[in-house]
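The values are calculated or read from the model by the stated rules, or taken from the named source; none is laboratory data. Only a predicted model underlies this, so the values are computations on that prediction, with no experimental measurement involved. Every residue, glycine as well, gets a Cβ built from its backbone with ideal geometry; the counts of neighbours run over all protein chains shown. Surface areas here come from the heavy atoms of the whole protein model, side chains and all, with no ligands, DNA or RNA. Shrake-Rupley method; radii C 1.70, N 1.55, O 1.52, S 1.80 Å.
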Amino acid sequence: MELDLSPKLPKKVYGGDGGSYFAWCPEELPMLKQGNIGAAKLALEKHGFAIPRYSDSSKVAYVLQGSGTAGIVLPEQEEKVIAIKQGDSIALPFGVVTWWFNNEDAELVILFLGETHKGHKAGQFTEFYLTGSNGIFTGFSTEFVSRAWDLDENTVKKLVGSQTGNGIVKLDASVKMPQPKKEHRDGFVLNCLEAPLDVDIKDGGRVVVLNTKNLPLVGEVGFGADLVRIDGHSMCSPGFSCDSALQVTYIVGGSGRVQVVGADGKRVLETHIKAGSLFIVPRFFVVSKIADSDGMSWFSIVTTPDPIFTHLAGKTSVWKALSPEVLQAAFNVAPEVEKSFRSKRTSDAIFFPPSN
C-alpha cells in the first residue's frame, strides 16, 4: 500500500462572524488515522468567543498569531484565566474545559495537535460543547436538567435555549469578559519565542523543546512538542525517531523543501512545503528539510513524552560512532574515501548553515 505523506491544508468545519474552526481530515491525510493523531485550528475574529468545551483527546495548543484570553478549568479545580499571545504553548490534558476569546483587532489563530487513541474517531478530535445549539444539555430533558441544577423549568429553558450559536459566537462590544491574571500563566503556558533555547546554531537554527521541566502539564498529555526555526538556505540534518514515535509537523512560517525516506531506501516524500501545511513522518522514517531564502519554522509533536532521535550527519551522528573498518566495508570504499567522509561535519550541530 502506497503511503500518502503529502502535506495538507485544513478544511473549515464550522464558523460565522465570530470566527471559524478548521480540521485536518483523516480521509485526506490517512496518516492521521493510522497514527491516531488529531490536528485542528481555531481562528477568532475581534470579539469572537469559542464557547466552553472539552475534548476526547489530550492536546497541545500553540498560538500561531494574535493575542487574546483563554479560560482553562482542570477537573475539580478553579478556572485559570490566561492572557495568550503569539508563540504561547499550552498543554491540555484529558478532561480540561477551555474557552477562548479575542478582544483585539487582529485575528487570533490557535493550532491544536494531539493524540486520538482514546478518542471516538481515530485521527479526529471530538468536541463536546457545554452550551449552544449543540451543547450537552440540549440533549437532556428539562426535567433532568432542572433536578440536576435545582432550578425551575422556565429558568432551565432560558439557560439551555438562549444561546443559539454553535461552537463560536461573536459577542457584543459591550460584553465584559474576565480579566486574565498574570500568575495563572505559571505552569500552564510556555512562550516558545521567549523561552531559553535548547539548541542554538549560529546561522543555522534554533529549537525550544516543551518538556515536564518548563511546562509540567506536558507529562499529563503524554507526548512531547517543539518549535524549530532554521535560517535561510539552512538544512535540518537527516534523522529519525528511534523510539517508534511519529513526528507531526505544522509549518508555522517560511517555506522550504522536505524529503522523507522509508524502508528499502525508498523516497516516499519530496515536496515544497509552506506555511499552513501539515505532514506526518512515520515511525523510523528519515526526514530532512532545507529552508528557502526566507527561512522556515515549524511546530511539532512527537508521540512520546521523551523522544530520542538519531541523526545521520554531524559529529554526534551514528557514522562517527562506527569504526573506520566497518564504514569501509559498508560503503565498499577505499580508506582514503572513508577518511574524507569522517573528517567532514565535525560539529555536533543538527542544523547546517549554507556552505560558503
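Does region 281-289 include one or more residues that are under 25 Å from ALA195 (Cα atoms), touching a residue at least 12 places away in the same chain (Cβ under 8 Å) and of a type outside the set (Ser, Thr, Tyr)?
Taking every residue of region 281-289 in turn, at least one turns out to be under 25 Å from ALA195 (Cα atoms), touching a residue at least 12 places away in the same chain (Cβ under 8 Å) and of a type outside the set (Ser, Thr, Tyr).
Do the conditions hold for PHE137, that is, is it open to solvent by 20 Å² or more (accessible area, probe 1.4 Å) and outside any loop (DSSP other than H, G, I, E, B)? Don't jump to the end; show me each part of the working.
Working: open to solvent by 20 Å² or more (accessible area, probe 1.4 Å): yes; outside any loop (DSSP other than H, G, I, E, B): yes.
Spelling it out, PHE137 is indeed open to solvent by 20 Å² or more (accessible area, probe 1.4 Å) and outside any loop (DSSP other than H, G, I, E, B).
Across region 74-91, what is the number of residues that are modelled with pLDDT of 95 or more and of a type outside the set (D, E, K, R)?
Here the count works out to 8.
Working only within region 97-111, note down all residues that are crowded, with 24+ Cβ neighbours inside 10 Å and either assigned to a loop (DSSP other than H, G, I, E, B) or at pLDDT below 95 (or both).
Listed by number, the list holds a single entry, ASN102.
Which of the residues spanning region 50-96 are assigned to a loop (DSSP other than H, G, I, E, B) and over 21 Å from GLY132 (Cβ atoms)?
Within region 50-96, the first condition is being assigned to a loop (DSSP other than H, G, I, E, B), and the residues that meet it are 56-58, 66, 74-79, 86-87, 93-96.
Passing the criteria: SER58, GLY66, LEU74, PRO75, GLU76, GLN77, GLU78, GLN86, GLY87, PRO93, PHE94.
Outside the structural domain of GLY19 (by the TED database), within 24 Å of the chain's Cα centre (by Cα), at pLDDT below 95 and small (Gly, Ala, Ser): is that true of GLY254 in this structure? Outline the logic, then answer.
Details: outside the structural domain of GLY19 (by the TED database): yes; within 24 Å of the chain's Cα centre (by Cα): yes; at pLDDT below 95: no; small (Gly, Ala, Ser): yes.
Against the criterion (outside the structural domain of GLY19 (by the TED database), within 24 Å of the chain's Cα centre (by Cα), at pLDDT below 95 and small (Gly, Ala, Ser)), GLY254 does not qualify.
Among (1) among the aromatic types (Phe, Trp, Tyr); (2) under 20 Å from ALA50 (Cβ atoms); (3) part of a helix (DSSP H, G or I), which single condition is PHE144 missing?
(2)
Taking SER174, is it touching a residue at least 24 places away in the same chain (Cβ under 8 Å), assigned to a loop (DSSP other than H, G, I, E, B) and farther than 25 Å from VAL60 by Cβ? Give the derivation first.
Values: touching a residue at least 24 places away in the same chain (Cβ under 8 Å): no; assigned to a loop (DSSP other than H, G, I, E, B): yes; farther than 25 Å from VAL60 by Cβ: yes.
Answer is no for this residue.
Report whether or not ASP186 is out of contact with any His (no Cβ under 8 Å at 6 or more places or on another chain), more than 30 Å from LYS59 (Cβ to Cβ) and surrounded by fewer than 12 Cβ atoms within 10 Å (Cβ to Cβ).
Numbers: out of contact with any His (no Cβ under 8 Å at 6 or more places or on another chain): yes; more than 30 Å from LYS59 (Cβ to Cβ): no; surrounded by fewer than 12 Cβ atoms within 10 Å (Cβ to Cβ): yes.
Here the answer is no, as ASP186 does not meet what is asked.
Go through (1) free of Cβ contacts under 8 Å to residues at least 40 places away in the same chain; (2) open to solvent by less than 40 Å² (accessible area, probe 1.4 Å); (3) farther than 30 Å from VAL96 by Cβ and name the single condition ASP200 misses.
Result: ASP200 fails condition (2) only.
Kindly provide the set of residues from region 241-276 that are of a type in the set (Gly, Ala, Ser) and closer than 15 Å to VAL228 by Cβ, ordered by number.
To start, the set of residues in region 241-276 that are of a type in the set (Gly, Ala, Ser) comprises 241, 244-245, 253-256, 262-263, 265, 275-276.
Passing the criteria: SER241, GLY253, GLY254, SER255, GLY256, ALA275.
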